[in-house]
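The block underneath contains the structure these notes are about, expressed in structure tokens.
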Amino acid sequence: MSITTRTDTEPDRHSTSTGQPKAVWAVAFASVIAFMGIGLVDPILKPIGEQLDASPSQVSLLFTSYMLVTGVAMLVTGVVSSRFGAKKTLLAGLTLIIIFAALAGCSGTVGQIVGFRAGWGLGNALFIATALATIVGAASGGVARAIILYEAALGIGIATGPLLGGVLGGISWRGPFFGVSVLMAVAFVAIVVLLPESPKAARPTSLAAPFKALRHRGLLVVSITALLYNFGFFTLLAYTPFPLDMGTYAIGFIFCGWGILLAVASVFFAPKLQRRFGTLPMIAVAVGLFAADLAVMALFAEHKPVLIAGVVLAGLFLGVNNTLITEAVMISAPVERSTASAAYSFVRFAGGAAAPWLAGKLGETSVSLPFWVGAVCTAAGVAVLLAGRSALAHIDDHDPAPHSVEEAQAITVGD
């Protein structure tokens, strides 16, 4: 398959003064708003349970249905994108999120919200998988800079989402759902106006491609690692608001702090640590420290200051890990970027879909048990990564600093 790339000396009439094409900034802006949707919902989990007479495990199904559908839908994102183009796929995803977020805001039961969150997950899958591949493929400066830009969008969205969610949630638990719908409509307009039509793939992606990609042991190892630390991540995200037992504004500020540290770690700390210590060692250290953080939260689960500090501090570890493991996925197997992203996301989202519900259910028995289970699963992720490091040895053979577009494409396209 032939690939056309732009050299660093070739002028790009679609570039902005920052050196990045307008398409990259359009998708990055939309990604910020998309990731706001995660934090917007978090401050209202407890109010939803109280006002709709639902248990923590029932409320946590909002995350389970969302993750399960997102993971399964990731299998078809490459098929859709390769046949209809990135822009149409992104717009289809945003349209679904706009509709189902608004419907969730109109719901009268937790069951209805859970169902509408599933439709939201389908739109999320179409958008996120395509957004990452679009940014990586269009950005100047190579894979490393593109991943950092994407993770910065994630961090900014997660950091600002809880604040807006806290404000809207203080009015009504329905407010954040309508807020997501409105913000996604803004993102829709941004994509329509700023993102040019992209050509369809010369060779459409096969539905079986993500499964075939998982035959590559390196990609499978990274995916299973992500699945396991997702148990810790969604314990933090979906369960912690219940033992904190604080108002929507307070929860919003706490998770805003978490998101800020996640963004800072993604953009500034991860590249420096990667250059000094290597990709795989730093992934193992970051995930290991997150496991230790959850263990401390388990030991002091009834002490709110410890839980608050644990949530905020987790942003540092997850920020470093998210940047490095996402980059590792892109070069872990000789397959197309979108295929690798779909396979990885299917395993970690679909496989980890039970995590939010399990955390809520365990929390009804013991306030500390969900944190212990999250810590153990996250530590198991480190063990899987270290056991399979031989299949990922080639990742640290590449200098993480320059990552040229040509080098990244040669690795991902392969033979």
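Values in this text are rule-based calculations from the coordinates and carry no lab data. This one's a predicted model, so the numbers in the text were calculated from it and none came from an experiment. In this analysis, Cβ positions are derived from the backbone assuming ideal geometry, glycine residues included, and neighbour counts consider all displayed protein chains.
May I ask you to derive the relative contact order of region 287-386, considering only C-alpha pairs under 8 Å and at least 6 residues apart, and to give it as an integer percent?
49
From the P(r) of region 279-349, can you give the percent of Cα pairs sitting at distances over 18 Å? Display every interim value, and only then the final one.
Values: 1260 of 2485 pairs.
Cα-Cα pairs of region 279-349 separated by over 18 Å account for 51 percent.
So what is the relative contact order for the chain, in percent, with contacts set as C-alpha pairs under 8 Å and at least six apart? Intermediate values should be presented prior to the final figure.
On the way: 793 pairs, mean separation 111.6, N = 415.
Computed over the chain, the figure is 27 percent.
Report the gain in length on full extension from VAL306 to GLU50: 0.36 nm times residue separation, minus Cα-Cα distance, nm rounded to one decimal. Write down the numbers at each step before the final one.
Details: separation 256, 0.36 × 256 = 92.16 nm, distance 2.45 nm.
Computed gain between VAL306 and GLU50 is 89.7 nm.
Per 10 Å bin from zero, what fraction in whole % of the C-alpha pairs of region 299-383 is there, up to the bin with the longest pair?
14, 37, 32, 13, 3
Run a plain Debye calculation on the chain (Cα atoms as equal point scatterers, no solvent) and give log10 I(q)/I(0) at q = 0.06, 0.09, 0.10 Å⁻¹, rounded to two decimals, same order as the q list.
One equal scatterer on each Cα of the chain leads to -0.21, -0.49, -0.61.
Where the convex hull is taken over the Cα atoms of region 81-188, what is its projected area averaged over directions, in nm²? All intermediate terms of the calculation are to be shown ahead of the outcome.
Details: hull surface 28.7 nm².
With the hull built on Cα positions only, its mean projection is 7.2 nm².
In debye, nearest 20: dipole of the chain around its Cα centre with unit charges on the Cβ of K, R (+) and D, E (-)? Walk me through the numbers on the way to the answer.
On the way: 23 positive and 20 negative charges, 123 e Å.
For this selection, approximately 580 debye.
Within the set of other residues whose C-beta is less than 12 Å from the C-beta of LEU220, count the net charge using Lys and Arg as +1 and Asp and Glu as -1. Write out the running numbers ahead of the final one.
Working: positive: LYS212, ARG215, ARG217, ARG348; negative: none.
Residues near LEU220 contribute +4 overall.
On average, how much area does the Cα convex hull of region 185-281 cover when viewed from any direction, in nm²? Before the final figure, lay out each step's value.
Details: hull surface 44.2 nm².
Average projection, Cα convex hull of region 185-281: 11.0 nm².
When the helices in the chain are scored as -39500 (n - 2.57) per DSSP H run of 4 or longer and the sum is shared across all residues, what 222 nm value do you end up with, to the nearest 500 deg cm²/dmol? Before the final figure, lay out each step's value.
Working: 18 runs with 301 residues, N = 415.
About -24000 deg cm²/dmol.
Reachable lysines from LYS46, Cα under 30 Å, same-chain residues fewer than 8 places away excluded?
Correct list for LYS46: LYS304, LYS361.
Going by amide H atoms built from the backbone, whose H comes under 5 Å of the H on ALA333, apart from near neighbours?
The list, which skips near neighbours in sequence, is empty: none.
If each of VAL189 and SER366 carries a label point 7 Å out from its Cα toward its Cβ, how far apart are those two points in nm?
5.2
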